[in-house]
Amino acid sequence: MSLSIGIVGLPNVGKSTLFNALTKKGVPAENYPFCTIDPSVGIVPVPDERLTKLSAISKSKKTIPAVVEFVDIAGLVKGASEGAGLGNKFLSHIREVDAIIEVVRVFEDTNTIHVHNKIDPLFDIEVINFELEQAGIKKPTLYVLNKSEAAENVKNDFVSKLPGPYIEVDPVFGSGLDNLIKAGYDLLNLITFFTTGEDESRAWTTLRGATAPFAGRSIHTDFQQKFIRAEVVSYEQLIEAGSFAKARERGWVRTEGKEYIVQDGDVVEFLI
């Protein structure tokens, strides 16, 4: 699956700092508005201890995680939908992503300029959401509250008024990043299934509710077009059994057809 999450927000709320922390990819994050103009793209592995355990029992030579694509989009400002602050260009980048994480600054820092010269998370969200609505952009949104362990944070009594789900992070110190990656994965309505063997154990991505052939195309289009059946065992049962062969002996490996809905954590062998 090639789905992406756009990181949006007002200028200087920590979008590029968050992107850098997520991807370990150096993009400009200097302290002035519109430092980022062209979007940067980073591929981020999804933390999943299940994959590590599967790789261990299979003695895999390679371990390959599922990934999420994050896109760092330059700051929006009031009037962006009418072209203010290079708004049309930035909004076009947002239209190309599948979901949005909206970074909201909740820390006070006189050394870091805020475009409105005040820290007011709800007002910031109102500005961004109005511009998105005016531009006709509706995608799933997760609010990322950018706090700081090294500075004063505004009181969190505003969180009950947030218009959607939120998560707290401190990209400078790295806290909350794994939870954010997992939350972004869920925001895209994705699940993980696995293949495992001596050559490699790998986490694959597909949409929640996908049939086996549709999920199989994440590996190769042949697995969708030439699908015959799939042999499936749950992650928990495979770990308990200790190997695919032992799971089969216990009758835990199921043969599934084209209508089977792949579940998060399934370990699958596709047959074509």
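Between residues in region 85-96 that are among the charged types (D, E, K, R) and residues that are modelled with pLDDT of 75 or more and assigned to a loop (DSSP other than H, G, I, E, B), which pairs lie under 7 Å by C-beta distance while being six or more apart or on different chains?
From residues that are among the charged types (D, E, K, R), the pairs are R95/I137.
So, S40, is that one in contact with a strand residue (DSSP E or B) (Cβ under 7 Å, 6 or more places away or on another chain), over 15 Å from D178 (Cα atoms) and modelled with pLDDT of 90 or more or not?
Against the criterion (in contact with a strand residue (DSSP E or B) (Cβ under 7 Å, 6 or more places away or on another chain), over 15 Å from D178 (Cα atoms) and modelled with pLDDT of 90 or more), S40 does not qualify.
Considering only region 195-218, I want to know if a residue exists there that is over 30 Å from T23 (Cβ atoms), part of a loop (DSSP other than H, G, I, E, B) and more than 20 Å from the chain's Cα centre (by Cα).
Within region 195-218, one or more residues are over 30 Å from T23 (Cβ atoms), part of a loop (DSSP other than H, G, I, E, B) and more than 20 Å from the chain's Cα centre (by Cα).
Looking at S60, S55, can you tell me which residue is in a loop (DSSP other than H, G, I, E, B), modelled with pLDDT of 90 or more and polar (S, T, N, Q)?
S60
Could you give every pair whose Cβ atoms fall below 9 Å, whose first residue belongs to region 209-226 and is in contact (Cβ under 8 Å) with a residue 24 or more places away in the chain, and whose second residue is among the basic types (K, R) and in a helix (DSSP H, G or I), counting only separations of at least 6 or pairs across chains?
none
Consider I5 against the criteria (1) modelled with pLDDT of 90 or more; (2) open to solvent by 20 Å² or more (accessible area, probe 1.4 Å); (3) farther than 19 Å from S175 by Cα: it satisfies all of them except one. Which criterion is unmet?
Result: I5 passes all but (2).
Name the residue that is modelled with the lowest pLDDT, counting only residues in region 152-191 that are open to solvent by less than 30 Å² (accessible area, probe 1.4 Å) and in a loop (DSSP other than H, G, I, E, B).
In this case the residue turns out to be P171.
Name the residue, out of R254, R217, that is of a type in the set (K, R) and touching a helix residue (DSSP H, G or I) at 6+ places or on another chain (Cβ under 7 Å).
R217
Do any residues in region 107-132 that are over 15 Å from P11 (Cβ atoms) have Cβ atoms under 9 Å from those of residues that are among the charged types (D, E, K, R) and at pLDDT below 80, where the two are at least six apart or on different chains, and which pairs are they?
F130/K78; L132/K139
Restricting attention to region 133-168, which residues are among the β-branched types (V, I, T) and either farther than 17 Å from D120 by Cα or free of Cβ contacts under 8 Å to residues at least 40 places away in the same chain (or both)?
Matches in region 133-168: I137, T141, V159, I167.
May I ask you to list the residues in region 220-252 that are open to solvent by 50 Å² or more (accessible area, probe 1.4 Å), over 20 Å from D264 (Cβ atoms) and not in a helix (DSSP H, G or I)?
Answer for region 220-252, where residues must be open to solvent by 50 Å² or more (accessible area, probe 1.4 Å), over 20 Å from D264 (Cβ atoms) and not in a helix (DSSP H, G or I): H220, T221, K226, I228, R229, R250, G251.
The values are calculated or read from the model by the stated rules, or taken from the named source; none is laboratory data. Quick caveat: nothing in here was measured; it's all calculated off a predicted structure. Methodologically, a virtual Cβ is constructed for each residue, glycine included, from the backbone with ideal geometry; neighbour enumeration extends over all protein chains shown. Just so you know, the surface numbers come from the protein's heavy atoms only, side chains and all, with ligands and any DNA or RNA stripped out. Shrake-Rupley method; radii C 1.70, N 1.55, O 1.52, S 1.80 Å.
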